[in-house]
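See below for the structure under consideration.
The values are calculated or read from the model by the stated rules, or taken from the named source; none is laboratory data. All figures in this text were calculated on a predicted structure; none of them were measured in a lab. Using ideal geometry, Cβ is built from the backbone for each residue, glycine included, and neighbour counts are taken over all protein chains shown.
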Amino acid sequence: MTDSAKPKQIAQALASLGHEARLGVYRLLVRAGDAGLSVGQLVEDLGLPASTLAHHLRMLVQSGLVIQERQGREIINRPDFPAMARITAYLQEECCSGVQRRTDAA
């Protein structure tokens, strides 16, 4: 990942999480961990129509947040944890550097 491409890729990933349904899909995948979840499990857990889920998964895959792997007849979806770490690190380094944290309660 080049430095000039990094902000664009970070923005794309964050934008994909800006939709409530995609955030829900991603949250469920992160909680499932490295084992991931099949499309069928996601449909069952989220109650989304398969076509709607496919659209949201496509957006998450295109933004680099989710990895899909075919296992037999199923497609397993997993979060790309290194990508999540890069986004978090970018936000901390580029957006929050030099900002003191408030320690007192509001």
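Quick notes
- Test: residue in the range 30-46 that is touching a Pro at 6+ places or on another chain (Cβ under 6 Å) and within 23 Å of residue 9 (Cα to Cα): yes
- Residue 38 of a type in the set (Ser, Thr, Tyr) and buried (at least 16 other Cβ atoms within 10 Å of the Cβ): no
- Among the residues listed as 78, 86, the single one being modelled with pLDDT under 95, out of contact with any Ser or Thr (no Cβ under 6 Å at 6 or more places or on another chain) and either part of a helix (DSSP H, G or I) or not β-branched (Val, Ile, Thr) (or both): 86
- Residue 106 vs. criteria at pLDDT below 95, part of a loop (DSSP other than H, G, I, E, B) and either of a type outside the set (Phe, Trp, Tyr) or crowded, with 17+ Cβ neighbours inside 10 Å (or both): yes
- Residue satisfying condition, being at pLDDT below 95 and touching a Lys or Arg at 6+ places or on another chain (Cβ under 8 Å), within set 59, 1: 1
- For the range 1-58, residues that are over 14 Å from the mean Cα position of the chain (by Cα), within 24 Å of residue 86 (Cα to Cα) and in a helix (DSSP H, G or I) total 4.
- Residues being surrounded by 12 or more Cβ atoms within 10 Å (Cβ to Cβ) and either of a type in the set (A, V, I, L, M, F, W, C) or in contact (Cβ under 8 Å) with a residue 24 or more places away in the chain (or both) - total across the range 73-93: 13
- Qualifying residue in the range 53-72 (condition: closer than 18 Å to residue 9 by Cβ, loosely packed, with under 11 Cβ neighbours inside 10 Å and either out of contact with any Phe, Trp or Tyr (no Cβ under 9 Å at 6 or more places or on another chain) or free of Cβ contacts under 8 Å to residues at least 60 places away in the same chain (or both)): no
- Among the residues of this structure, residue 48 does not count as one that is within 26 Å of residue 93 (Cβ to Cβ) and either surrounded by fewer than 17 Cβ atoms within 10 Å (Cβ to Cβ) or touching a residue at least 24 places away in the same chain (Cβ under 8 Å) (or both).
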